[in-house]
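Trainee: One structure, pasted below without further comment.
The values are calculated or read from the model by the stated rules, or taken from the named source; none is laboratory data. The structure presented is a predicted model; accordingly, all values stated were derived computationally and were not measured. Every residue, glycine as well, gets a Cβ built from its backbone with ideal geometry; the counts of neighbours run over all protein chains shown.
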Ligand SMILES: C[S@@+](CC[C@H](N)C(=O)[O-])C[C@H]1O[C@@H](n2cnc3c(N)ncnc32)[C@H](O)[C@@H]1O
């Protein structure tokens, strides 16, 4: 069986803090909602929230659960649909393991950051790679001060950063996710 070959993982560990120490960052309610909504809009069916903190995983489940069941689901069914694709996992490895289950080809890890790194490929090139439905890709997004060097070293693909009009390009992870998804999965329609 082959499913949707792109999933996003929002990584809360391993990431850097301001002092370049490897830490576990705190879950942000807005990230969970907004990235779930962007992912659903662009046709993804899995958005992994990665944190080794059991307490933070419970919080993520509670946030999704509020909109999936009972009052929240009745009040805003559109939000329920988006949060239905959230899966909460303790590590990148467990997210890969879960995503792998629908595919025979090995999941490839794709990493992102605001800095330019050697060997990175353009979003347009990644869009072309996604045309092969048999090959699954897990797109890692950082929190805190970004994904660690180890994440970049172990990834299969590094994406070129989104550039703005000047030198500054430090986007919130929510904005970066939405821009990337539009470029790699979006379609231009005459009525929009
Ligand atoms: C470093 S975290 C910052 C998290 C922060 N707490 C926030 O405001 O969302 C932002 C993440 O978004 C992505 N990102 C930010 N700016 C980017 C850019 N210009 N190009 C590509 N990805 C970017 C990367 O995945 C990066 O790890």
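Trainee: Condition first: loosely packed, with under 15 Cβ neighbours inside 10 Å and within 23 Å of residue 44 (Cα to Cα). Now tell me which residues in the stretch 146-178 satisfy that.
Mentor: 156, 172, 175, listed by residue number.
Trainee: Among the residues of the stretch 138-160, what is the count of those that are touching a helix residue (DSSP H, G or I) at 6+ places or on another chain (Cβ under 9 Å) and either under 15 Å from residue 122 (Cα atoms) or at pLDDT below 95 (or both)?
Mentor: Number satisfying all stated conditions: 5.
Trainee: Can you name every residue in the stretch 101-116 that is under 25 Å from residue 16 (Cβ atoms) and surrounded by 14 or more Cβ atoms within 10 Å (Cβ to Cβ)? Step through it out loud before you land on a result.
Mentor: Initial filter on the stretch 101-116 (under 25 Å from residue 16 (Cβ atoms)): 107-116.
Once the filter is applied, which keeps residues that are under 25 Å from residue 16 (Cβ atoms) and surrounded by 14 or more Cβ atoms within 10 Å (Cβ to Cβ), the stretch 101-116 yields 107, 108, 109, 110, 111, 112, 113, 114.
Trainee: Oh, and also: Output the residue which, of all residues in the stretch 131-145 that are over 22 Å from residue 98 (Cβ atoms) and surrounded by fewer than 21 Cβ atoms within 10 Å (Cβ to Cβ), is nearest to the chain's Cα centre (by Cα). Don't jump to the end; show me each part of the working.
Mentor: First, the residues of the stretch 131-145 that are over 22 Å from residue 98 (Cβ atoms): 131, 144-145.
Still in the running and surrounded by fewer than 21 Cβ atoms within 10 Å (Cβ to Cβ): 131, 145.
Working: 131: 19, 145: 16 Å.
Among residues in the stretch 131-145 that are over 22 Å from residue 98 (Cβ atoms) and surrounded by fewer than 21 Cβ atoms within 10 Å (Cβ to Cβ), the one nearest to the chain's Cα centre (by Cα) is 145.
Trainee: I'd like the full set of residues that are under 17 Å from residue 185 (Cβ atoms) and surrounded by fewer than 18 Cβ atoms within 10 Å (Cβ to Cβ), limited to the stretch 5-41.
Mentor: Correct list: 41 only.
Trainee: List the helices (runs of 4 or more DSSP H) inside the stretch 24-98, counting only whole elements, that have at least 3 residues being within 15 Å of the chain's Cα centre (by Cα).
Mentor: Output list reads 29-41.
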